[in-house]
Amino acid sequence: MFGVKKTQLTPYIYLLPVISILLFVFTLGLVMSIFQSIGVHGDSGFENLTVEYYREVFRSGGFRSGLFFSLRVSLISTGIAVIIGVGLAYLLVMQQREWKILQILLKLPIIVPHLVAAFIIFTLFSQSGILARIGVLLGLMEHPREFPGLIFDRQGVGVILAYVWKGTPFIFLIVYQVLRSIHGEMVEAARNLGAKGKDLFFEIFLPLSIPSVFSTFIILFAFSFGSYEIPFLLGPTSPRALPVLAYVEYIHPDWMNRPYAMAMNMVLAGISVFLVWLYHWVFKKFRRHNWEGRSR
C-alpha cells in the first residue's frame with residue numbers, strides 16, 4: 001500500500017521544484033501588490049496603511065467606465081463564442097463524420113498568440129484592411145474610409161472579434177468531446193420515440209453538456225476580463241479596459257500613481273476569485289441536482 005501511494009506521489013515530487021518557484025514568485029508578487037495598494041512601499045516613501053487609494057479608484061470615472069467596458073466586452077465575446085462553439089459541436093456530432101480538416105482549422109486560433117490574433121483582426125477589419133479594400137474593389141464603397149470603424153471604437157467591436165476568434169475553438173473542442181460521448185443509445189432511443197433535431201438538442205445534448213459549457217464560459221470570461229494585449233492593441237483610448245488602465249497607471253512616471261495601479265490589480269484579482277467561487281458553487285448545485293435526480 002505504501003508503494004502504491006509513493007508511486008502516485010512520484011509525478012508531484014518531480015514537479016515540486018518548478019511548482020515551488022512558481023508559487024514563490026506568485027505569492028511574492030501578490031503580497032507586494034497588496035501592500036502597495038494600501039500604501040506600504042518603503043522604496044517610494046509610502047509607509048502609512050490606508051484604504052484611500054481604493055476609495056479614489058472607485059470614485060474615478062475612468063475606473064468605473066473601464067470596469068464596465070471590460071465586463072461588457074468579456075460578457076458579449078464569451079457569450080458569442082459559446083453560442084458558436086456549441087452550435088458547431090452539435091452540427092458536427094449530428095453529421096456523424098470526423099471533418100478532420102474543419103477541426104484542424106478550428107484548432108489553429110488556439111495556438112496563435114494573442115499578439116498575432118490582434119494583428120490578424122486589425123489586418124482584416126480596420127478601415128485600411130483587407131475587407132475594406134475588397135469592398136472598394138467590388139464597388140460596395142468608394143473609399144476604404146467608408147468601411148465601419150470596428151477597430152479602436154468605443155464599443156470594443158475589434159476586441160470582441162478577437163476574443164470570439166480565439167475563444168470559439170476552445171468551446172468547440174471541449175463541448176464536442178462531451179457531445180460525442182452522449183451520442184449513442186440514448187439518442188437512438190429518443191429518435192425511435194419521435195424526437196427530432198431540435199428536441200435532441202434541447203432535451204438531451206444541452207442539459208447533459210451544461211456543466212462543461214458553464215465551466216468553459218467561466219474560464220473564457222475570466223481570461224477575457226483580465227487580458228491585456230488585445231484591449232491594448234485593438235481597444236479604444238477611452239474608455240480603457242481595466243487591465244490596460246492599471247498598466248498605464250503603473251508605468252506613469254509619478255510614483256504616486258503606483259498604489260492606484262495596484263489597487264486596480266487587486267480589484268481584478270478579487271473579481272477573478274469571485275468567478276472561481278461562482279464556478280465551484282454552480283458545480284456543487286449541478287452535482288447535487290444530478291444526484292437527487294438519480295436517487296429518484
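The numbers here are math on the coordinates, done by the rules we state, and not lab data. Here the structure is a predicted model, which means the values were calculated and not measured. Here the Cβ is made from the backbone with ideal geometry for all residues, glycine too, and neighbour counts use every protein chain on show.
Values as computed for the structure displayed
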quantity	calculated
R0 of 30 Å, Cβ-Cβ distance S215-E146: FRET efficiency to nearest 0.05	0.10
Stretch gain in nm, segment Y250-L23, where the contour uses 0.36 nm per residue and the Cα spacing is subtracted	79.4 nm
Residues K166, K285 arranged by fewest to most Cβ contacts within 10 Å	K285, K166
Those trypsin sites (Lys or Arg not before Pro) in the stretch 103-154 that DSSP places in a loop and that have at most 16 other beta carbons within 10 Å	R154
Gyration tensor (alpha-carbon) shape descriptor, the stretch 62-284, a/c threshold 1.5	oblate
